[in-house]
Amino acid sequence: MTIENIKTPQDILEFMNEKIKYGWLDINNEEHIGNMKNFRRLYRTSTLNEILKYGIGTCIEQVWLMKYLLDKINIPNKMFCTRIYEGKDFNNLEAEEHMHCFILYCANNKVFQIEHPNWERIGIYEFNSEEEAINTINDYYVKMSGGKSRPVTEFYNVAPNLSFKEFNEYINSLDEKEKTKR
């Protein structure tokens, strides 16, 4: 499967299964596959070209890549992030990461999620509405995090070379913009 062959969301999932593993590049351009050790210290967001070249990405990069692929085949989509809230003053570099990014797309008056980064749930899931999708997905991660509340935020871009903290601050800034609209 190549990008040029992608015509459907099912093709995107097949492409992801064939080409992309869960992993990340660090600030030294070293690959980490299936290992989150020193993630908060060394992580940086990758470009689309790096994701494709190295064949790895966290949920952040994988969702960014799937957005790119859905856009290429003209399917409306949105990226979201669910996480345990961490403010700007959070600096525990040893803490576990409690964040998951996911993508939803619309087709045939339904909402779908392509899940690839969570290897326990790889697949395409159908929902009746965006609200149902967000609530169902978020409830799964609330349960996984021991019942801790998790805000869900739509995001629009993944800038390259952001640390985990910087990406989290970007997501928080979108929450703040939403609050000021009300």
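If you keep only loop residues by DSSP, which GluC sites (Glu not before Pro) in region 1-55 have at most 10 other Cβ atoms within 10 Å of their Cβ? Those that pass, being in a loop and sparsely packed, are E30. Once you've got the Cα coordinates, tell me which of K7/K37; K110/K165; K78/K148 are over 31 Å apart. Pairs exceeding the cut-off: K7/K37; K110/K165. Looking at region 8-61, none of the chymotrypsin sites (Phe, Trp or Tyr not before Pro) sits in a DSSP loop with at most 10 other Cβ atoms within 10 Å of its own Cβ.
Across region 3-181, Cα-Cα pairs farther apart than 19 Å form 57% of the total. For the pair E132 and N49 in one chain, pulling the backbone fully straight at 0.36 nm per residue adds 26.6 nm over the alpha carbon distance. For T2 and K143, FRET efficiency with R0 = 35 Å and r from the beta-carbon atoms, rounded to 0.05? Here the calculated transfer efficiency is 0.40. FRET efficiency for the pair R41 and A159, taken as 1/(1 + (r/R0)^6) with r the Cβ-Cβ distance and R0 = 30 Å, rounds to 0.95. Spacing of the modelled spin labels on N28 and I124, each 7 Å from Cα toward Cβ, amounts to 4.1 nm. Sparse packing (at most 13 other Cβ atoms within 10 Å of the Cβ) combined with a DSSP loop state is found for the following trypsin sites (Lys or Arg not before Pro) in region 8-54: K37. Listing H32, H100 from fewest to most neighbouring C-beta atoms within 10 Å gives H32, H100.
Where a number appears in this text, it was derived from the coordinates with a stated rule and is not lab data. Nothing here was measured: the structure is a model prediction, and the numbers come from that model. Glycine gets a Cβ as well: all are built from the backbone with ideal geometry, and neighbour counts include every protein chain shown.
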